[in-house]
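For reference, the structure discussed in these notes is given below.
The values are calculated or read from the model by the stated rules, or taken from the named source; none is laboratory data. Quick caveat, the model's predicted, so the values are computed rather than measured. Here the Cβ is made from the backbone with ideal geometry for all residues, glycine too, and neighbour counts use every protein chain on show.
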């Protein structure tokens, strides 16, 4: 049976819908909100907030307050205990463990049948539909798809509710025609021990015909390196000659791009970015040559935005509708979803690169910034500054983090960078660091102003740490693998001091 021809024909049927929500996003959003409210009229949350009286967006914001995990947790706790019709109609049986930032306790976020099929799966299908449209004569369904997710182990509670990573529920409920193309086998995907899982995943897939790889950039590179160690090959295309698509998300790929280019040297290799989290599938790259993402406005998620210069968590007073956002401004995302998350602040920040259609890039987290000296540094600043310098100096980045340092005698301080690199031999560190600093000043006017003549801020300090440092820290925190990642910027020294202590121990042992 010509599986690929059939798959291509079916998946492209999604294109008219994608075109509609791309060209008519505001109308789609109105419809989504109306549907979400109507379906939840008789839930505990709907009754408590008088959804029957909500006739407009203005009514909606009057009746439903902003929320975060703490405010919704009492409702989620009732769902976990088995109560029905709480945040969403019927029984909610699936709860995803959100890794969040690597320094926080995991959250248990509800996943409903509606949100899984009409949001998470819908986003994945839309991504493939656009890929087939942008790249003609694809034959992705003729080969295997390697997904480097978290643990797919699902824990079932006494009331038949289940707790696991988002990837657990995605894999567990895949249709047969998708499951037969997924690799490795479920036995390996179910493993909890990331180190053993990584090794077995590499051994199990080296002889597969793989055309798609999907996963977090940092962990994907770890798997790729293990595959090369086992096979002795020079690059991944020598192992998987038909690999043509890498789907990435969860973190900026830019600091790792040089390493990916070395491991995947074929010029026809394609990279596509998506934005899928435990809270929902929000965006996907719809253009071939730019990585910003199209906002999914017809996938059972209603969006609101808080300008970051006015962000005060639940006390924020200026919350705006999609039609009022502006390009090149940072916003905290507020979502209402078919998983029962009502006006929920997810903690991510984005910047729209276009408003016709609505395309955006992820810029960081509401809680991850450095403003110890008034420099207002966010994740996108440090990622872009380092990425550009790494490309110019041909540096393979393994991982990094940035935090403030303080010098009491001078009454000031600056930024301290911990950077793990793959190829330190022959590196002109002074030039590399000078380039990073120049990029920071170019990207961030507040940083530039504070750094003038080193009066308000001292020069940055750089420390090149052991290659295994960040992996060791994640392992110590029981956060190794999957969707877990190192926080890029912190406004205090707690994380960086832990890392420095571990670096001394690791270096001494080695």
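Of all residues in the stretch 232-259, exactly one satisfies the criterion of being modelled with pLDDT of 95 or more, part of a helix (DSSP H, G or I) and either out of contact with any helix residue (DSSP H, G or I) (no Cβ under 8 Å at 6 or more places or on another chain) or within 18 Å of residue 383 (Cα to Cα) (or both), namely 237.
Within the option set 359, 351, being more than 19 Å from residue 123 (Cβ to Cβ) and not in a helix (DSSP H, G or I) holds for one residue only, 351.
When residue 5 is tested against the conditions (1) modelled with pLDDT under 95; (2) surrounded by 15 or more Cβ atoms within 10 Å (Cβ to Cβ), the lone failure is (2). The numbered conditions (1) in contact with a strand residue (DSSP E or B) (Cβ under 9 Å, 6 or more places away or on another chain); (2) buried (at least 16 other Cβ atoms within 10 Å of the Cβ); (3) without any contact (Cβ under 8 Å) to a residue 60 or more places away in the chain are all true for residue 286 except (3). For the stretch 406-425, taking the residues that are loosely packed, with under 13 Cβ neighbours inside 10 Å and in contact (Cβ under 8 Å) with a residue 40 or more places away in the chain, the one that is nearest to the chain's Cα centre (by Cα) is identified as 407.
Could you tell me which residue of the stretch 176-190 is modelled with the highest pLDDT, considering only residues that are within 19 Å of residue 211 (Cα to Cα) and in a loop (DSSP other than H, G, I, E, B)? Per the criteria, the residue is 184. Residues in the stretch 158-174 that are modelled with pLDDT of 75 or more and part of a loop (DSSP other than H, G, I, E, B) were compared, and the one that is surrounded by the fewest Cβ atoms within 10 Å (Cβ to Cβ) is 160.
Against the condition surrounded by fewer than 20 Cβ atoms within 10 Å (Cβ to Cβ) and within 22 Å of residue 300 (Cβ to Cβ), how does residue 115 come out, does it pass? Judged against the criteria, residue 115 is not a match.
Applying the selection to the stretch 264-283, what residues are surrounded by fewer than 19 Cβ atoms within 10 Å (Cβ to Cβ) and in contact (Cβ under 8 Å) with a residue 40 or more places away in the chain?
Scanning the stretch 264-283 gives a single hit, 270.
Tell me the residue from 485, 467, 479 that is in a loop (DSSP other than H, G, I, E, B) and either touching a strand residue (DSSP E or B) at 6+ places or on another chain (Cβ under 8 Å) or at pLDDT 95 or above (or both), please. Just one listed residue meets the conditions, 467.
For (1) assigned to a loop (DSSP other than H, G, I, E, B); (2) at pLDDT 95 or above; (3) more than 20 Å from residue 263 (Cα to Cα), each residue gets a yes or a no:
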{"position": "403", "(1), (2), (3)": "no, yes, yes"}
{"position": "413", "(1), (2), (3)": "no, no, yes"}
{"position": "418", "(1), (2), (3)": "no, yes, yes"}
{"position": "423", "(1), (2), (3)": "yes, no, no"}
{"position": "432", "(1), (2), (3)": "no, yes, yes"}
{"position": "437", "(1), (2), (3)": "no, yes, yes"}
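Mind listing whichever residues of the stretch 37-70 are touching a residue at least 24 places away in the same chain (Cβ under 8 Å), over 16 Å from residue 85 (Cβ atoms) and surrounded by 13 or more Cβ atoms within 10 Å (Cβ to Cβ)? Once the filter is applied, which keeps residues that are touching a residue at least 24 places away in the same chain (Cβ under 8 Å), over 16 Å from residue 85 (Cβ atoms) and surrounded by 13 or more Cβ atoms within 10 Å (Cβ to Cβ), the stretch 37-70 yields 57, 60, 61, 64, 66, 67, 68, 69.
The single condition from (1) free of Cβ contacts under 8 Å to residues at least 24 places away in the same chain; (2) assigned to a loop (DSSP other than H, G, I, E, B) that residue 204 fails is (2). Taking the criterion of being at negative phi, at pLDDT 95 or above and either under 21 Å from the mean Cα position of the chain (by Cα) or surrounded by fewer than 18 Cβ atoms within 10 Å (Cβ to Cβ) (or both), the residues of the stretch 78-93 that qualify are 78, 83, 84, 91. For first residues located in the stretch 426-452 and within 14 Å of residue 391 (Cα to Cα), partners that are surrounded by fewer than 16 Cβ atoms within 10 Å (Cβ to Cβ) and lie 6+ apart or on another chain with Cβ distances below 7 Å form the pairs 435/392.
Looking across 165, 126, one residue alone is touching a residue at least 12 places away in the same chain (Cβ under 8 Å) and in contact with a helix residue (DSSP H, G or I) (Cβ under 8 Å, 6 or more places away or on another chain). It is 126. Residue 149 meets all of the listed conditions (1) out of contact with any helix residue (DSSP H, G or I) (no Cβ under 6 Å at 6 or more places or on another chain); (2) at pLDDT below 95; (3) surrounded by fewer than 20 Cβ atoms within 10 Å (Cβ to Cβ) but one, namely (1).
The residues of the stretch 207-231 that are touching a strand residue (DSSP E or B) at 6+ places or on another chain (Cβ under 7 Å) and assigned to a helix (DSSP H, G or I), listed by number, are 217, 218, 219, 220, 223. Checking each residue in the stretch 308-339 for being assigned to a loop (DSSP other than H, G, I, E, B), under 14 Å from residue 68 (Cβ atoms) and touching a residue at least 60 places away in the same chain (Cβ under 8 Å) picks out 313, 316, 319.
Taking the numbered list (1) under 30 Å from residue 265 (Cα atoms); (2) touching a residue at least 60 places away in the same chain (Cβ under 8 Å) in turn, residue 183 passes all entries but (2).
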